[in-house]
1. Once the whole set of protein chains is in place, how much accessible area is left on residue 305, using a 1.4 Å probe, in Å² to the nearest 10?
2. With a cut-off of 8 Å between alpha carbons and a minimum separation of six or more residues, what is the relative contact order of the chain in percent?
3. Mind checking which aspartates and glutamates have their Cα closer than 16 Å to the Cα of residue 473? Skip sequence neighbours fewer than 8 apart in that chain.
4. Just want the answer: with Cβ charges of +1 for Lys and Arg and -1 for Asp and Glu, which residue in 307, 88, 520 is farthest toward the dipole's positive end in the chain?
5. I need the chymotrypsin sites (Phe, Trp or Tyr not before Pro) found in region 588-689, filtered to DSSP loop residues with at most 14 other beta carbons within 10 Å of theirs.
6. Considering amide H positions built from the backbone, and no H for Pro or chain starts, which residues 5 or more places from residue 684, or on another chain, come under 5 Å of its amide H?
7. If DNA, RNA and ligands are ignored and the probe is 1.4 Å, what is the ranking of 341, 698 by accessible area, most exposed first?
8. Given only helices, namely DSSP H runs of n ≥ 4 each adding -39500 (n - 2.57), what is the per-residue ellipticity at 222 nm of the chain, to the nearest 500 deg cm²/dmol?
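The values are calculated or read from the model by the stated rules, or taken from the named source; none is laboratory data. As the structure is a computational prediction, the values presented were derived from the model and not from experiment. Cβ sites come from the backbone with ideal geometry, for glycine too, and all protein chains shown count toward neighbours. Quick note on the areas: whole protein, heavy atoms, side chains included, nothing else; ligands and nucleic acids left out. Shrake-Rupley method; radii C 1.70, N 1.55, O 1.52, S 1.80 Å.
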Amino acid sequence: MKINVFNIVTFFSIGLFILSCKNNHDNDLAIIEESSVNSASEIESKVNKLLSEMTLEEKIGQMNQYTGFWDVTGPTPTEGNQALKYEHLKKGLVGSMINVTGTENVRAIQKIAVEETRLGIPLIIGFDVVHGFKTLSPIPLAESASWDMEAIELSAKVAAKEAAASGINWTFAPMVDISRDARWGRVMEGAGEDPYLGSKIAYARVKGFQGDDLTSKETIAACAKHFAAYGFAESGKDYNTVDIGTSTLYNVIFPPFIAAKNAGVRTFMNSFNEINGVPATGSAFLQRDILKNQWDFDGFVVSDWGSITEMIAHRQAKDGTQAAEIAANAGSDMDMESHLYVAELANLVQEGKVKESLIDDAVRRILRVKFELGLFEDPYKYCDEAYEKDVVGSKEIHDAVLDVAKKSIVLLKNENGLLPLKKEGQKIALIGALANDKTSPLGNWRIGADDETAVSVLEGMQNYQGNTLFFEKGADFVTGQTVFARELDINTTDKSGFNKAIAAATKADIVVMVLGEHGYQSGEGRSRSELGLPGVQQELLEAVYKANPNIVLVLNNGRPLAITWADEHIPAIVEAWQLGTQSGNAIAQVLYGDYNPSGKLPMTFPRSVGQVPIYYNTKSTGRPNIPSPGEVFWSHYTDISNAPLYAFGHGLSYTTFSYSNLKVNKVSQDKIEVSVSLTNTGTVKGKEVAQLYLRDDYASVTRPVKELKGFELVELNPNESKTITFLLTEKELGFYNNQGEFVVEPGDFTVFVGGSSLAELEAKFELE
Ligand code: BGC
């Protein structure tokens, strides 16, 4: 008989579901709840008192969010949309502003809300602090490659500190959308393809932004986005339709959102996509049934930009009035830039189409977060100009972003020990426009940072003076792009620089080529149908290779690339993503061996775009294996292998590691200890991410061929060994069935341990 945890205590079934969600980090949750008991009840009574004093219009105003619309320290707007927004602000019909930054500007706008409106309710000031504010850390996909939760938390912590010092008190991050599709440009913003790793990272990032005390002037409210399934857009095309089953929704998409909730995230953002026929913004199932009821979330939900209006284009709502009605009833608490709540909700309440109690619920949530941030005590607490000057761009922040940048680099390939580079006596040709680019490494979400503020690879390498370094672009990107740039605007067809690059390579001992995507070739609206090197870079690579094959290829990119030719020909390949402000220093330190790379891929790299979506935790299918040589009737392509180019979890080091002695110890039915011995078998100190994968061999709902269920980042000296013990409990052993219930089923399980998802050591155990 299958054991269903819910069948054992059926009368508790829904409660247990919630419990199992909370259990991920129950200790942390307990701490939050305990320490905030008094203040939470005080806040509730303050919220209720304020609510009782508010008119319907003022309540709806709290649900209205505008983007920055005029130079707040300049003359006030007198015409058009801007004047209307300004009027709304003065009447208390705006609850939040976004894209207003800097203490002076935030103070000016807050002053209107606090001093000119009837109730003086402070604004909550939002901004996309996605991977830093002015000083940028690596793009989130890159940071995820560190598998280092402390570094990731620290990166979010310093980002929050810098943003808060500039007047911001709410970030639209972390993006916790799982995605298996490298064509989707927004994979750069997430943690990759895996729900387990994604959940750990979601937790760490929320903790980093919010800390344990939201009233501190160094922390800001976080936002788990985009709820839900935005990363599963069909064919990787941004904003496209999502049509997925219950199993994927519960087992793949929800877990990082649950982790963010358990870390105490105060807001969620809904998403642009429809899911199974219902736009997420208008989905009561997602926002009310799951998030607010089952998960017991008491913060608020903000819509995505204009996503309430977009329900008309989705063909769910026939006009703005109906869109506002559906969104408010579905539990979208705050309207980001659709301007529909402020225009429509009062009438809808009067007509009985939206209950005032639902408005009260939304406003209560918004006010609760404002109180928690301490905005009522001091609306200007984020507006200290002297503090802003001390904090923004401080050494502390630069040190933290450099630290995580180094940890994010993944050594994909290193034949003949080409890396690390020798520090003296070498002639090195540095080739590629990206090597000298001080803007592209900032990535796509650079909106708070100034252009040209990243350390380039050229600058980073110039710090090492024992070698002779000569630089050639070879081929350029069209520079000076803005956030509206399209792929076509960025690539050129100009090959006039090839000859100089070839000449430089010819006279060099070693060639370092920095190729890949420009910062604006990934991100929102940047889906690609090809995953090779954009523009003429592949041709450049092949031309330089003919002149000198001794190439170290440094990739800068915001998504997995299909670089199959490079893998077959180039001896050393370093995945350096877009690493933020300290990019060039991080890359140079890795190339020269001052930092031994330890990153592991958070997303599978395909051999060709036709393999996408490609991910390690696939299902087995009914025909997983070739029956006999030459057979065609099995699950495969006839023109390419099923294997990825680089597997999830892959990443090399300047040393080597070996795994041995895998043991399984079944302590009890829901407590399995798995131990393995890890040895540094190379000649230098290094870090390895030991990874444990689990397969539920047979289950009532088919389970993936393997799933990450544990990992540990271990540092070892040469010849040093360590025994690593992983613990598997109900949380790791179970899964959500197609009724959305968490179950642990008896039967056979297989564990795999190793340095990537190809982990070869395996052992079995059985649950009765
Ligand atoms: C994005 C969100 C972002 C919002 C505000 C939208 O286009 O989808 O992730 O937070 O803009 O900038």
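1. Surface open to solvent at residue 305 totals about 110 Å².
2. Across the chain, relative contact order equals 14 percent.
3. Once the sequence-local aspartates and glutamates are set aside, what remains near residue 473 is 437, 459, 494, 517, 539, 542.
4. Going by the charge dipole, the pick is 520.
5. Here the chymotrypsin sites (Phe, Trp or Tyr not before Pro) that fit, given the DSSP loop and packing criteria, are 633, 634, 637.
6. 656
7. 698, 341
8. When only DSSP H runs of four or more count, the value is -8500 deg cm²/dmol.
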